[in-house]
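For reference, the structure is listed below as structure tokens.
The values are calculated or read from the model by the stated rules, or taken from the named source; none is laboratory data. Because the structure is predicted, anything quoted here is derived from the model rather than measured. A quick note on method: Cβ atoms are made from the backbone with ideal geometry, for glycine too, and the neighbour counts reach across all protein chains shown.
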Amino acid sequence: MKTSNPVLARLGQAAERERAAGYAQPGPYGQPGYPPQQYQPYPQQQQPYPPGYGYPTAAPATTSMTLDDVVVKTVMMLAILGAAAAATWTLVPDQLLGLAWGGGALVGLVLGMIISFSRMANPALVVVYAVVEGVFVGAVSKAFDHLYEGIVLQAVVATFGVFFLMAMLYKARVIRATPKFIKIMIAVIGGLFAVMMINLVFSLFGVNTHLRDGSPLAIGFSLVCIVAASLSFVLNFHEIEEGVRMGLPQRYAWTAAFGIVVGLVWLYLEVLRLLSYFQGDD
């Protein structure tokens, strides 16, 4: 199974190793087993030997991931994230919003990196990530809503509107995840991430790069980020489609759902920030 996506290639190799692990089971007295397709019973044998007699048994079946699995896991992650965000909005006092904002962003970044570079799907870690991101999103949303009433609802509607638009464009094959497109998007997303990290470091030392202050440069940067976040869904849809085709194990649906949620959170934050630039001062 070949694919142009390095992440899918890695996951596909891991899935192949899992499926192959059951094909060389040893016999009851340490005799080596043989792949099922190589074992041919004698013609006169009417009944197969009972399990454990020394001949290999069939490898345990592994349920493959489906599109429905990804949809269900994505909805579950969004529900968990939304519940954590609502709890943060309701329970965290205003004076602690900065702590919840910064702590959620830092922990979420670390968890996101671990999940992204992990070779195995980890549903528990993905769920924890959804909770942490919910705390972060809830704190950010409450802070922005205090400054610009109604902006959160506008950002939520715009975010999901863009997501469903990209889903329709991908389904209609208006936008295709070609190898060149994938390489460009990976480079663009990596570059934007690096710029945002550098800007964050500068801001900690009081240096204003004008990327997040509402200036024309800031508006342009947010628009670039919104376009990149929107097109990142094409990568997600392609990975899901290829993962289903490759027969990845069912638990990898959590990894696919994680990718979609990351894109939605990124898009929401950029839309929220862009909308804030056009709000009048109270």
Considering (1) within 13 Å of Phe233 (Cα to Cα); (2) without any contact (Cβ under 8 Å) to a residue 40 or more places away in the chain, say which one Phe181 fails and leave the rest. (2)
Of the residues that make up the stretch 84-94, is at least one modelled with pLDDT under 95, in a helix (DSSP H, G or I) and within 22 Å of the chain's Cα centre (by Cα)? no
Could you count how many residues in the stretch 114-133 are outside any helix (DSSP H, G or I) and touching a helix residue (DSSP H, G or I) at 6+ places or on another chain (Cβ under 6 Å)? 2
Of all residues in the stretch 62-97, which are more than 17 Å from Val127 (Cβ to Cβ), free of Cβ contacts under 8 Å to residues at least 40 places away in the same chain and not acidic (Asp, Glu)? Thr90, Leu91, Pro93, Gln95, Leu96
Return only the number of the condition from (1) modelled with pLDDT of 50 or more; (2) outside any helix (DSSP H, G or I); (3) not polar (S, T, N, Q) that Pro60 does not satisfy. (1)
